[in-house]
């Protein structure tokens with residue numbers, strides 16, 4: 001990881017550009033200190049190659065193509081990965097899940113040293129859902145990401161949760177906006193899975 005500046009990669013995975021989860025993530029990014037390298041990546045533009053489970057196939061996994069290899073290296077260049085996804089059917093968006101599936105491939109590309117290089121980085125989650133009060137609907141994707149972090153030795157910051165259905169509605173969620181101001185700058189040991 002970088003010792004001179006923090007590199008935060010926001011992985012946008014909604015099927016709707018500028019959706020509520022993305023708008024909440026952009027609010028959180030405003031509080032990052034000067035000198036932070038902030039990178040925004042729309043995953044659907046970089047995941048054109050489908051994932052195939054080849055763990056038990058003859059020859060195993062081939063080396064990823066240039067586009068996927070570039071995505072893997074961009075992932076590995078970040079000190080903190082922020083998965084930005086609305087809650088879809090009580091889970092991550094299919095695009096976010098597709099991205100995580102590719103981790104299985106990258107783990108099996110020796111020259112990437114994916115597990116070794118990912119260890120110690122930070123994983124965060126920014127999400128929005130349409131339920132007005134009940135954040136329990138966000139628990140399945142939170143648990144999925146937390147377990148993924150544990151598996152790879154990542155540090156887990158937690159989740160920032162907003163409420164909104166129509167585009168921009170999350171910007172009226174004062175509780176989420178208050179939490180966004182501190183989410184990415186509070187000490188990691190104080191992080192948990194709540195928005196406040």
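Where is the GNM fluctuation largest for the chain (alpha-carbon springs, 10 angstrom cutoff): 175, 157, 121?
Looking only at 175, 157, 121, the largest GNM fluctuation is found for 175.
Test of understanding: in a Gaussian network model of the chain with alpha carbons linked when under 10 Å, which of 183, 125, 51 would top the mean-square fluctuation ranking?
51
Under Stokes-Einstein, with the Kirkwood radius over Cα pairs standing in for Rh, what whole-number D in µm²/s applies to region 61-188 at 10 °C and 1.306 mPa s?
On the way: Rh = 15.7 Å.
My calculation gives 101 µm²/s for D.
If you fit an axis through the alpha-carbon atoms of helix 66-77 and take the longest principal axis of the Cα set of the chain, what angle between them do you get, 0 to 90°, nearest 10?
With both axes taken from Cα atoms, the answer is about 60 degrees.
Testing the spin-label approximation: label points 7 Å from Cα along Cα→Cβ at residue 172 and residue 113. State their distance in nm.
5.2 nm
How much mean residue ellipticity at 222 nm does the chain get from its helices, if each DSSP H run of length 4 or more adds -39500 (n - 2.57) and you divide by all residues, to the nearest 500 deg cm²/dmol? If you can, show how the numbers build up before the last one.
Details: 6 runs with 64 residues, N = 196.
Dividing the helical sum by the residues of the chain leaves -10000 deg cm²/dmol.
In degrees, nearest 10, range 0 to 90: what is the angle between the Cα axis of helix 20-29 and the longest Cα principal axis of the chain?
With rounding to tens, the tilt is 90 degrees.
Values in this text are rule-based calculations from the coordinates and carry no lab data. The structure displayed is predicted, hence computed values, not measured ones. All Cβ positions, even for glycine, are placed from backbone atoms using ideal geometry, and neighbour counts span all protein chains on display.
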